[in-house]
Amino acid sequence: MLDLTNIPVVDNHCHPVLLNQHLDALSFRAYCTEATHASFAEQHIPNTVYYRWLLRQMALFYGCEYTEESILTARNHMGADDLLEHLFRAANIDTFVLDPAYPPGSECYTPERMGQLGHCRTAKMLRLETLMQELILEHADFDDVLEHYMMEVSLAREHGFCALKSIVAYRTGLHISEWSKDEAVASFVEARTEAEARGQIRIAHKPLIDYLLHTAFSVAAEQQLPIQFHTGYGDSDTDMRLGNPLQLRDVLERRDYHTMPIVLLHESYPYTQLGAYLAAVYPHVYFDLSYAIPFVDKLEMLAFTRQALSVAPVSKLMFSTDGIHIPEMHWVGALRGRSVIGQVLDEMIDADEIDEEQAYDLAQQILHDNAYTVYQL
Ligand SMILES: [Zn+2]
């Protein structure tokens, strides 16, 4: 059995955790699902296999009885700082690559503080749709938005971001089209009207969002700046039909974007084979393997890990947790990732595909080295 516990992980996609970690059972459960209806926390989450496994790991870690009540009492008894420090240390983290755009910063530990408590490095990415929304609220003129937007994207590295991120799959879908500037301006006028009327905006205006994404791609390609795309599994806000990574074809085919590394997040679950295929044929496509979220059990994690390793070059694969809200996610994602990747590599040794030395080398690439290269850490 391969033991990967000594490889410090680069978590190439995760989020900050909440400052308030004192949680009752229903709120804790609500952070363990992408379902938002109240009936899930009440009735269904305790009946998912991954949740039962999570509780068992927590009972072992906190040295308490294996009941939800005593587990939550034990965790709530620790201060939030202690909780983060214990869990992150146990996870053996090298670097967190954080998307600080969600949850809202005022509710969360800062990336810097997460790094201190985890005794690890942190890096950040810049979420484009959040930037778009801020600028649309601030400027009444499209050219002003465009100018400030291009400047922020150009200065991303100087401002401490190692990558861009897009959640367009949650809005208008991954089929990002090319629009004329006139079409983008017309779409901006609609967005701006909405912003003025409501004092806030949720950008879902396709010509505008697509136009601004292409603008960012040009800048990113010049600077070899990577971009992460949410693909596949999300809450019901995402139309999964539009989150299929094959929808990115027009963007992937653009030769002038080939210097912009593209990372498909969340193993594109359940489109894993399709995403891994894209990483196998496009030189600039990388594939994220995420082990806390999507919320699936180990058997499904083994399946997507087998698919990714069997289809894509291992130099294209990167580990993450997508941990968010509670530090248990980052911790458990690291445990799961090492154990699942180790088990799949063991199977590949048994199948006489690789030997043990090669298996360790491949694990080191996925858990650590590839992210260093892609994000220039
Ligand atoms: Zn995420």
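The values are calculated or read from the model by the stated rules, or taken from the named source; none is laboratory data. Please read all numbers here as calculations on a predicted model, not as lab measurements. With ideal geometry, Cβ positions are generated from the backbone for all residues, glycine too; neighbour counts draw on all protein chains shown.
Give the residues of the range 73-108 that are away from the ligand (no atom under 16 Å from the Cβ) and of a type in the set (A, V, I, L, M), sorted by residue number.
Matches in the range 73-108: A74, M78, A80, L83, L84, L87, A90, A91, I93.
Considering (1) free of Cβ contacts under 8 Å to residues at least 40 places away in the same chain; (2) surrounded by fewer than 19 Cβ atoms within 10 Å (Cβ to Cβ); (3) over 24 Å from P261 (Cα atoms), say which one S187 fails and leave the rest.
Failing condition for S187: (2).
Exactly one condition in (1) loosely packed, with under 13 Cβ neighbours inside 10 Å; (2) under 19 Å from the mean Cα position of the chain (by Cα) is not met by G199; state its number.
Of (1) loosely packed, with under 13 Cβ neighbours inside 10 Å; (2) under 19 Å from the mean Cα position of the chain (by Cα), only one is false for G199: (2).
Could we say that Y271 is in contact with a Pro (Cβ under 7 Å, 6 or more places away or on another chain) and more than 15 Å from I167 (Cβ to Cβ) here?
Taking the combined requirement at face value, the residue satisfies it.
I'd like to know if the range 326-341 contains one or more residues that are over 21 Å from the mean Cα position of the chain (by Cα) and either modelled with pLDDT of 95 or more or in a loop (DSSP other than H, G, I, E, B) (or both).
no
Restricting attention to the range 289-325, and to residues there that are of a type in the set (V, I, T) and buried (at least 23 other Cβ atoms within 10 Å of the Cβ), which single residue is farthest from H15 (Cα to Cα)? First the steps, then the outcome.
As a first pass, look at the range 289-325 and keep what is of a type in the set (V, I, T): 293, 296, 305, 311, 314, 321, 324.
Filter once more, keeping what is buried (at least 23 other Cβ atoms within 10 Å of the Cβ): 293, 305, 321.
Details: I293: 11, T305: 22, T321: 9 Å.
Ranking the qualifying residues of the range 289-325, first place goes to T305.
Report the residue count in the range 350-377 for those that are without any contact (Cβ under 8 Å) to a residue 12 or more places away in the chain and hydrophobic (A, V, I, L, M, F, W, C).
2
Quick one: in the range 11-36, which of the residues that are within 13 Å of the ligand (Cβ to nearest atom) and of a type in the set (D, E, K, R) is nearest to F229 (Cα to Cα)?
The extreme case among them is D11.
What about L208, is it of a type in the set (A, V, I, L, M), touching a residue at least 24 places away in the same chain (Cβ under 8 Å) and within 16 Å of the ligand (Cβ to nearest atom)?
The answer is no for L208.
For the range 368-377, state whether one or more residues are within 27 Å of L54 (Cβ to Cβ) and surrounded by fewer than 21 Cβ atoms within 10 Å (Cβ to Cβ).
Scanning the range 368-377 turns up at least one residue that is within 27 Å of L54 (Cβ to Cβ) and surrounded by fewer than 21 Cβ atoms within 10 Å (Cβ to Cβ).
Just to be sure, is A90 in contact with an Asp or Glu (Cβ under 7 Å, 6 or more places away or on another chain), at pLDDT 95 or above, assigned to a helix (DSSP H, G or I) and small (G, A, S)?
So A90 fails the test.
Of the numbered conditions (1) in a loop (DSSP other than H, G, I, E, B); (2) free of Cβ contacts under 8 Å to residues at least 40 places away in the same chain; (3) not charged (D, E, K, R), P100 fails exactly one; give the number of that condition.
So P100 meets the others, but not (2).
Kindly list, by first and then second residue, each pair from a residue in the range 45-57 that is on the phi > 0 side of the Ramachandran plot and among the aromatic types (F, W, Y) to a residue that is assigned to a helix (DSSP H, G or I) and surrounded by 15 or more Cβ atoms within 10 Å (Cβ to Cβ), limited to pairs with Cβ atoms under 7 Å and residues at least 6 apart or on different chains.
none
Which one of these is surrounded by fewer than 16 Cβ atoms within 10 Å (Cβ to Cβ), at pLDDT below 95 and either closer than 30 Å to G105 by Cβ or not β-branched (V, I, T) (or both): R255, R241?
Details: R255 fails: at pLDDT below 95.
Within the list R255, R241, the selection yields R241.
Looking at the range 143-183, which of the residues that are surrounded by fewer than 16 Cβ atoms within 10 Å (Cβ to Cβ) and among the charged types (D, E, K, R) is nearest to the chain's Cα centre (by Cα)?
R157
Please work out if A195 is touching a residue at least 12 places away in the same chain (Cβ under 8 Å), within 30 Å of P294 (Cα to Cα) and either in a loop (DSSP other than H, G, I, E, B) or not aromatic (F, W, Y) (or both).
The answer is no for A195.
So if I check each of E147, E158, E190, which one is assigned to a loop (DSSP other than H, G, I, E, B) and among the acidic types (D, E)?
Step by step, each of E147, E158, E190 is checked, and only E158 is assigned to a loop (DSSP other than H, G, I, E, B) and among the acidic types (D, E).
With of a type in the set (S, T, Y), farther than 29 Å from G232 by Cα and either in a helix (DSSP H, G or I) or away from the ligand (no atom under 16 Å from the Cβ) (or both) as the only criterion, which of Y66, Y50 stands out? Don't jump to the end; show me each part of the working.
On the way: Y50 fails: farther than 29 Å from G232 by Cα.
Just a single option satisfies the conditions, and that option is Y66.
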